[in-house]
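Reviewing the structure listed below.
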Amino acid sequence: MNLAALIVATAVLVMIPGPNVALIVANSLRYGFRMGVATVLGTTVGVGLQLVLVVLGLAAVVAIAADALAWIRWVGVAYLIYLGIRTWREPPGDLASIQAAPVMFRRGLVIALLNPKTLLFNAAFIPQFAGDATAVQLAVVAAVFLAVLSAGDVLWAAFAHSARSALARYGMLRNRLTGAFLVVAGVGLALARR
């Protein structure tokens, strides 16, 4: 097991925003750091569930059925674009208004679970760092990967939150940026290939 290489590789991956990060940034811009972290918790649980499949070896079954399950990705695309358009069109609101954390958690969980590309990527990525790929080694690698991923996502939430105060005077611009992040996340998910 090469945990140092895993940590570095995962940190680099975290710097490349995908649909999960776009949702985290959008929710942090709109609702603040706490709701960004609630979103991170949701995406972390979603990715964690996918990693359980990888460790148990079920990712191969999902890979075989991936074409048949392509509709799952399109549900995620539609959901992100719907959220983006709805946010874009909303009038500027008070920054003090806070969405319920369970809603943000659920949004993060749904987007993470509806991205089969992540499962297939993790199924190829994680075993490279597990040596002879015993279940225990895969579980350790998956846990380290998830910890680094979660920490990086919290940093994305903090970054977006720091920009939030600068946008406080520009409520409509904040809504437009948040909506744009959500739509871009949907488009990114739509363009994702196996």
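Would it be correct to say that ILE72 is modelled with pLDDT of 75 or more, part of a helix (DSSP H, G or I) and aliphatic (A, V, I, L, M)?
no
Restricting to the range 10-35, what's the tally of residues that are in a helix (DSSP H, G or I), touching a residue at least 60 places away in the same chain (Cβ under 8 Å), under 13 Å from GLY152 (Cα atoms) and more than 11 Å from the chain's Cα centre (by Cα)?
The number of residues fulfilling the criteria is 3.
Here is a yes/no grid of residues against (1) modelled with pLDDT of 70 or more; (2) among the hydrophobic types (A, V, I, L, M, F, W, C); (3) exposed (fewer than 14 other Cβ atoms within 10 Å of the Cβ); (4) farther than 17 Å from ALA147 by Cα:
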| position | (1), (2), (3), (4) |
| --- | --- |
| MET1 | no, yes, no, no |
| ALA9 | yes, yes, no, no |
| LEU56 | yes, yes, yes, yes |
| VAL62 | no, yes, no, yes |
| ASP67 | no, no, yes, yes |
| TYR79 | yes, no, no, yes |
| PRO91 | no, no, yes, yes |
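For every residue, the table says whether it meets (1) open to solvent by 20 Å² or more (accessible area, probe 1.4 Å); (2) among the β-branched types (Val, Ile, Thr); (3) modelled with pLDDT of 75 or more.
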| residue | (1), (2), (3) |
| --- | --- |
| LEU146 | yes, no, yes |
| ALA151 | yes, no, yes |
| TRP156 | yes, no, yes |
| ALA160 | no, no, yes |
| ALA166 | yes, no, no |
| ARG176 | yes, no, yes |
| ALA180 | yes, no, yes |
| VAL183 | yes, yes, yes |
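The values are calculated or read from the model by the stated rules, or taken from the named source; none is laboratory data. Bear in mind that the values here come from a model prediction, so they are computed numbers and not experimental data. Backbone-built Cβ (ideal geometry, glycine too); neighbour counts: all protein chains shown. Keep in mind that these areas ignore ligands, DNA and RNA; they rest on the heavy atoms of the full protein, side chains included. Shrake-Rupley method; radii C 1.70, N 1.55, O 1.52, S 1.80 Å.
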